[in-house]
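A.B. asks: Pasting a structure here, questions to come.
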Amino acid sequence: MTGPLLEVRELRVDFPTRHGALRALDGVSFDIAAGEILGIVGESGAGKSLTGAAIIGLLEPPGRVSGGQVLLEGQRIDDLPREAMRLVRGRRIGAIFQDPLTSLNPLHTIGHQLVETLRTHLPLDAARARERAVELLRQAGLPAPEARLAQYPHEFSGGMRQRVVIALALAAEPRLIIADEPTTALDVAVQAQIIRLLRGVTQAHGASVMLITHDMGVIAETCDRVAVMYAGRIVEIGPVDEVIHRPAHPYTAGLMAAVPTLDGELARLAQIAGALPDLDAIPPGCAFHPRCPKASPRCTEERPELALVQRTRAACWWPIVEGMPG
Amino acid sequence: MSESRAPAPERAVTAGTVVVEARGLTKSYALRRPLAERLLRRDGPRAIAAVQDVSFAIARGRTLALVGESGCGKTTLARMMVGLETPTGGRACVEGLDVHATLAGPADAARALRRRMQMVFQDPFASLDPRWRIGDIVAEPLLEQGLILPAQAGERVAALLASVGLAGADVHRFPHQFSGGQRQRISIARAIATGPAFLVCDEPTSSLDVSVQAQVLNLLADLQRERALTMLFISHNLAVVRYVADDVGVMYLGRLVELAPRGELFGAPRHPYTRMLLAAVPDARGTRRERAPVQGEVSDPLAPPPGCAFHPRCPHANERCRVERPELRDSGGVRVACHAVEEGRL
C-alpha cells in the first residue's frame, strides 16, 4: 500500500492588502486516501472553497499560497508552472463547481466540449472520443445522450447541466475530483439525485472526492471522513459518523445542534452566539473562543493544534469527551 | 367593495380569528413573443401562470409555511399577499380587507393597511440601503407613517433594536458594518416597527450560515409569541419549515397540492410530491435511512403537463392523472390534490 492520494501539509493562503496580509488559510493539513470521499464543511469565510482552489491552483489573485505543500500521488503540485498545473487539472484532478455554467462554454455544444476534453488528455481519435462522451453522459444519468451531444449548455436544466459537468470532470479518468458546493444551486429534489450520482459514479471510476459544502446533510449522506473548518483552520477531522454523533470540538457540536432536521425533537434550535470573525479580526488563541461556551483563559491566548480525542482529531483545549460531564 | 373602505382594520378581525386569507389567488404574466412568431402561429398572446387558484387562511398568531421548488410560485404568492404584486384573479385579504382594493383606494385606508403588513426578504445585503444609517433605516417606516415625531425616533429605534438583539449604539453604523445575520435582524426590526399584524418572511434565512440561521429563526419565534404576529413563511427548506410552521402548504407549478397541519405533513404526508420532497432532504443526523429515489425535474412552466402537473415525475400516475387535473379536496383534516390519494390507491 502506497501513501495517500492527496496530502496537504500546513497550507497557508494570504491576501495582501494595504494594511498587511490577511491570512485566509492558516496551516491546513489533511490527507485523502485512494477511493475516499472527504467532506470539507464550514460556514462562509471558513476557508473551505479556498482550500479547494489552492489545491488546484485556481486561487483568485491577489490570493496566493504563502506556505505549505500539496502532494498528489507523492509528487508536489503546488510549485508547478502554470502550464504543467493546467495539465494536472482535468487529467489528474477534475473540478465541479456550484454553478455548472462556470464549467461549460456557452458557445460550444456539450459534445464538442466533452470530445475536446477527452482528446486533450487521452490518446483517442474523434470517433472513439465521441463514443466515450456518450458513455460518460449515460453514466451521468442523462437521458438520450446521443441526441444531447449536439445541444448547447443553455438548452439544459440546472440539474442536467450539473450532470454534464460531472461527466466532463470524469472524462480524463482523474484520480481526484474536487467538488465545491456541487448541489447548492439546485432544488432539493434534484440535489438528492446529484449526490447519489456523484457518489456512485466516482466509486465506479475509483476516483477520490473532496466534497466542499456548507450542508451537514450532504456531508452525512456522502462522505467517509469530514474536516470541519473555522476561520481558516481545520478544527476537527475524523470519520463522518464520529464527527456527527460524537463531536469533540464545541464548534462541531454547536453546528450539529443548530441544523434543523426532519426528525428529532422540536425544541428550540440550539444557536451559537455571535458571528464568524472577519479575516482582519481573527481572535487570538482559539479563533472560536469568543463564541465558545467552554472557553477558558488558555483558549484566549494559546492556539490549540489538532490532537486525537477518542476517534476524531480536534483542535481544542477542552474537547467534549464522551462520558465526561460537559 | 364596502369592506375595503373600513377605516379601522381591527374591526373585521372580531368576526373570527382569521387574520390573513387568500381566496382563489391567481397571477399570470403575459408573454411577449417575437412578432414573426406571433404572425406565423396566430394563436394569440400566451400567458404563464405563476400562481393558480390558491386559497388558504391563517389565524392570529399562527404561521403558514409555503414550500416548493424554485419556480413553484411561492414568492409571487407572498408578494401578492402584501400588495407588492397585483393578482390577475382572486383576492388577498388581511384583517378582513381586500389588500389590492384597499391599497388602490383612499390614501388613509391604504396607509393604515400598509402599517399592518410587512415583509422580510431573503437577501439582507440587497434589502437595506447602504447609504443609510441603521437608526434611519429602522425609523423610516415609523416617520413615513406619521406614527412618531422625529424627536421620539431615537427612543423607539433603540427599543426596536433591543428587541432583535442589537445594541443601541448600532444606530450610527451603516449596513456594511454588520454581518448577514445582524442585517437580517435589522430588516426584522424595521419590519416590526409599525406594529404589523401580518409578517411575510420570504426565505429569511436562506442566505445565512447555519449557526446564524438558528439565531434568526429563534428570534422570529420569540417576536411572534410576544406580538401575536400572523406569519406567512416562504422556504424551500422543509427542515426549517418544521421548526417554524403551524400549517404547511406545498406548491407545485403554481398550485397548492397539499395543505396540512405540521404534524400531519411531516408525520403522514399524503401527496406523492410532498413525500418526494421529504425523501430528498439530506439527513444531517446520519441515520442512513433508506429513501425512495427522487425522479425528474420540475416541468417547464411555459408548457405545464396536462392533467396533474406532477404526473411526469409521479410513481403513482395513471391515465386519469395524465388527463384530469385533481382538485384540492379535504381528506381527514388535510387538503390534498391527488387522484391516487382520493381513490385510495396510495
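A.B. asks: Please find, among A:Leu101, A:Leu58, A:Leu80, the residue that is under 26 Å from A:Ile219 (Cα atoms), among the hydrophobic types (A, V, I, L, M, F, W, C) and assigned to a loop (DSSP other than H, G, I, E, B).
C.D. replies: A:Leu58
A.B. asks: Sticking with this one: Please go through segment A:164-173 and pick out each residue that is surrounded by 23 or more Cβ atoms within 10 Å (Cβ to Cβ) and under 21 Å from A:Ser49 (Cα atoms).
C.D. replies: A:Val165, A:Ile166, A:Leu168, A:Ala169
A.B. asks: Restricting to segment B:91-113, what's the tally of residues that are farther than 14 Å from B:Val20 by Cβ and among the aliphatic types (A, V, I, L, M)?
C.D. replies: Adding up the residues that qualify gives 7.
A.B. asks: Tell me, which residue of segment B:223-243 that is away from chain A (no Cβ under 14 Å) and within 9 Å of B:Ala65 (Cα to Cα) is farthest from the chain's Cα centre (by Cα)?
C.D. replies: Among residues in segment B:223-243 that are away from chain A (no Cβ under 14 Å) and within 9 Å of B:Ala65 (Cα to Cα), the one farthest from the chain's Cα centre (by Cα) is B:Met231.
A.B. asks: Given the condition without any contact (Cβ under 8 Å) to a residue 60 or more places away in the chain, under 27 Å from B:Gly181 (Cβ atoms) and not charged (D, E, K, R), answer yes or no: does some residue in segment A:303-310 qualify?
C.D. replies: Yes, segment A:303-310 contains a residue that is without any contact (Cβ under 8 Å) to a residue 60 or more places away in the chain, under 27 Å from B:Gly181 (Cβ atoms) and not charged (D, E, K, R).
A.B. asks: If you don't mind, another one. Just to verify a result, which residue in segment A:241-274, among those that are in contact (Cβ under 8 Å) with a residue 12 or more places away in the chain and small (Gly, Ala, Ser), is farthest from the other protein chains (Cβ to nearest Cβ)?
C.D. replies: A:Ala248
A.B. asks: Of all residues in segment A:104-128 being hydrophobic (A, V, I, L, M, F, W, C) and surrounded by 14 or more Cβ atoms within 10 Å (Cβ to Cβ), which is farthest from A:Val88 (Cα to Cα)?
C.D. replies: If we take residues in segment A:104-128 being hydrophobic (A, V, I, L, M, F, W, C) and surrounded by 14 or more Cβ atoms within 10 Å (Cβ to Cβ), then A:Ile110 is farthest from A:Val88 (Cα to Cα).
A.B. asks: Taking segment A:222-260 only, how many residues are in a loop (DSSP other than H, G, I, E, B), among the small types (Gly, Ala, Ser) and more than 19 Å from A:Glu10 (Cβ to Cβ)?
C.D. replies: Result for segment A:222-260: 1.
A.B. asks: Can you name the residue in segment A:199-215 that is assigned to a helix (DSSP H, G or I) and among the β-branched types (Val, Ile, Thr) and is also farthest from the other protein chains (Cβ to nearest Cβ) among such residues?
C.D. replies: A:Thr202
A.B. asks: Looking at segment B:303-340 only, could you name the residues that are away from chain A (no Cβ under 14 Å), charged (D, E, K, R) and in contact (Cβ under 8 Å) with a residue 40 or more places away in the chain?
C.D. replies: B:Arg335
Yes/no matrix, rows are residues, columns are (1) at pLDDT 90 or above; (2) within 13 Å of chain A (Cβ to nearest Cβ); (3) surrounded by 19 or more Cβ atoms within 10 Å (Cβ to Cβ):
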position: B:Gln213; (1), (2), (3): yes, yes, yes
position: B:Ala221; (1), (2), (3): yes, yes, no
position: B:Leu256; (1), (2), (3): yes, no, yes
position: B:Leu259; (1), (2), (3): yes, no, yes
position: B:Gly267; (1), (2), (3): yes, yes, no
position: B:Gln295; (1), (2), (3): no, yes, no
position: B:Pro301; (1), (2), (3): no, yes, no
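The values are calculated or read from the model by the stated rules, or taken from the named source; none is laboratory data. Remember, it's a predicted structure, so these values are computed and weren't measured experimentally. Heads up, the Cβs are rebuilt from the backbone with ideal geometry, glycines too, and the neighbour counts pull from every protein chain shown.
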